Amino acid sequence: KIEEIGLKSDEHVAILLPKGWEQVVSVLGSGYAGVSYLPLSIGYPQKRIDYLLKEANVKVVLGSAETFEIFNSDVEYKIDIKEFVDINRNIKKYDIKAKEESLAYTIFTSGSTGQSKGVMISHKNIYNTVMDINRRFKVDNKDIIFNISELNFDLSVYDIYGGLAAGATIIIPKEEKKLDPSHWLKLINKEGVSIWNSVPSFMQLFNNEVEQKNTTFPSSLRLVLMSGDVIPLELVRQIEKVSNGCEIISLGGATEASIWSIYYPLSELESDKKSIPYGYPLANQEIYIVDEALNPKPAFVHGEICIKGVGIAQGYYKDKLKTEKQFVRDSKSGEVIYKTGDIGFFNSKGYIEIVGRMDDQVKIRGFRIELGEIETQLSNIDEIKESVVLAKEDGNGNKALVAYV
């Protein structure tokens, strides 16, 4: 159907669906048709959806009759995925139109100027990351991956592309129970899930559920991947007590570097550590600590963390100025370097420690939030003259946004 409409390779189809197999079908269908997908959350307000559809010049939305009833966006084509999938009929073989340099997806992240940035990731970018993870952690067709992340969060990219590339099974919780830890535990036990991939806060909820039930992690769970936010040391200790010896990995990087660029096996964590190290670069990716002129900093000296390699995004969608600011050319190699805005240093063991940010960006449950974007939106309200937005932590380390107006 997408091919019949005649979209070009640099155009987007939006995916507006609840959690379920329809999301996976939509992602794969976009790749087969040679176009990129724009993931949208059904939790977004109508105004946000309309804004993103306009920003990405979307003509086609993949959804369902139910979502189209709720969200009445003005687009040329609305495709009900369920009308095109019938497991009882033979489906003809399609040639995959996407090439390795083709745009695979665009995810919009928060922007400091009040405008979101659309990060453009190619199939080559994805392939480098997911295949390295699969090789490194021996993911194969016997594995069963728990897809807990939202489609508009790039951890889902590994679940879908990484899982299917290995021939693994993907288990997806129901939309109405996607935030219910008791449902997670039942589903993981029932399906024999072997790989967990989420932000630390979701793992904390799951671990709490396990402890409250006075049980342990299912014996099938062999690998826990956590990323997207700071991993509390106490959480690692809690997991170790109830996990039956599963491997725990910290992953990091940026949306602009294709899910992850760096990893740290938590089995290497020294007992006297007060925080989780950032870690070591993944395959075909290089991590630098530099000054303002991009000159390397010596070990132990703080500087900006920059990433270079196959995972680097194509830039920000139709935003040349922001792209040129964050994606700069290495004067020696000519390769593109992404400036993350994170501050860190190399320690004596050769891995990176992260110590903060160069701006006011924060992360809440894995989502990057520019406080300036929220302040800009608040300033558009006539009754508000000035505002300050801060990220505050409660006693359990959970972050929430607080606005002072």
Taking the range 159-181, which residues are part of a helix (DSSP H, G or I) and within 24 Å of Ser250 (Cα to Cα)? Asp159, Ile160, Tyr161, Gly162, Gly163, Leu164, Ala165, Pro181
Candidates Gly315, Gly245, filtered to the one that is modelled with pLDDT of 95 or more and not hydrophobic (A, V, I, L, M, F, W, C): Gly315
Would you be able to say whether some residue in the range 304-315 is crowded, with 18+ Cβ neighbours inside 10 Å, basic (Lys, Arg) and farther than 21 Å from Leu52 by Cα? yes
Residue identified as at pLDDT below 95, under 18 Å from Tyr105 (Cα atoms) and out of contact with any His (no Cβ under 6 Å at 6 or more places or on another chain) among Leu16, Leu40, Leu62, Leu28: Leu28
Residue in the range 93-106 that is at pLDDT 95 or above, under 13 Å from the mean Cα position of the chain (by Cα) and not small (Gly, Ala, Ser) present: yes
In the range 251-273, how many are within 23 Å of Lys142 (Cα to Cα) and crowded, with 19+ Cβ neighbours inside 10 Å? 1
Spot the failing condition for Asp272; the list is (1) touching a residue at least 12 places away in the same chain (Cβ under 8 Å); (2) out of contact with any Pro (no Cβ under 9 Å at 6 or more places or on another chain), and only one is missed. (1)
Taking the conditions exactly as written (within 19 Å of Ser102 (Cα to Cα) and surrounded by fewer than 16 Cβ atoms within 10 Å (Cβ to Cβ)), does Leu38 satisfy them or not? no
I'd like to verify a number: residues in the range 305-320 that are closer than 15 Å to Met120 by Cβ and either small (Gly, Ala, Ser) or over 20 Å from the mean Cα position of the chain (by Cα) (or both), how many? 6
Which one of the conditions (1) at pLDDT 95 or above; (2) farther than 20 Å from Thr129 by Cβ; (3) aliphatic (A, V, I, L, M) does Val355 fail to meet, given that it meets all the rest? (1)
Taking strands (runs of 3 or more DSSP E) that fall entirely within the range 297-364, which contain at least 3 residues that are β-branched (Val, Ile, Thr)? 336-346, 352-357
Picking from Ile15, Ile81, which residue would you name as being surrounded by 19 or more Cβ atoms within 10 Å (Cβ to Cβ), β-branched (Val, Ile, Thr) and more than 19 Å from the chain's Cα centre (by Cα)? Ile81
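Any chance you could count how many residues in the range 259-269 are touching a residue at least 40 places away in the same chain (Cβ under 8 Å) and part of a loop (DSSP other than H, G, I, E, B)? Talk me through it step by step, then tell me what you get.
First pass over the range 259-269, keeping only residues touching a residue at least 40 places away in the same chain (Cβ under 8 Å): 259-264.
When the remaining residues are screened for being part of a loop (DSSP other than H, G, I, E, B), the result is 259-261.
Count: 3.
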Any idea how many residues of the range 158-189 are touching a Ser or Thr at 6+ places or on another chain (Cβ under 8 Å) and either closer than 18 Å to Pro18 by Cα or touching a residue at least 40 places away in the same chain (Cβ under 8 Å) (or both)? 3
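So, in the range 18-35, of the ones that are in contact with a Lys or Arg (Cβ under 9 Å, 6 or more places away or on another chain) and closer than 18 Å to Ala65 by Cα, which residue ends up surrounded by the fewest Cβ atoms within 10 Å (Cβ to Cβ)? Even if it seems obvious, please write down each step before you answer.
Going through the range 18-35, the residues in contact with a Lys or Arg (Cβ under 9 Å, 6 or more places away or on another chain) turn out to be 18-20, 22, 29, 31-35.
Now narrow it down to the ones that are closer than 18 Å to Ala65 by Cα: 18-20, 22.
On the way: Pro18: 19, Lys19: 20, Gly20: 16, Glu22: 20.
So, considering only residues that are in contact with a Lys or Arg (Cβ under 9 Å, 6 or more places away or on another chain) and closer than 18 Å to Ala65 by Cα, the one surrounded by the fewest Cβ atoms within 10 Å (Cβ to Cβ) is Gly20.
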Does the range 186-198 contain any residue that is closer than 15 Å to Tyr264 by Cβ and under 23 Å from the mean Cα position of the chain (by Cα)? no
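The values are calculated or read from the model by the stated rules, or taken from the named source; none is laboratory data. Please read all numbers here as calculations on a predicted model, not as lab measurements. Every residue, glycine among them, receives a Cβ derived from its backbone with ideal geometry; neighbour counts consider all protein chains shown.
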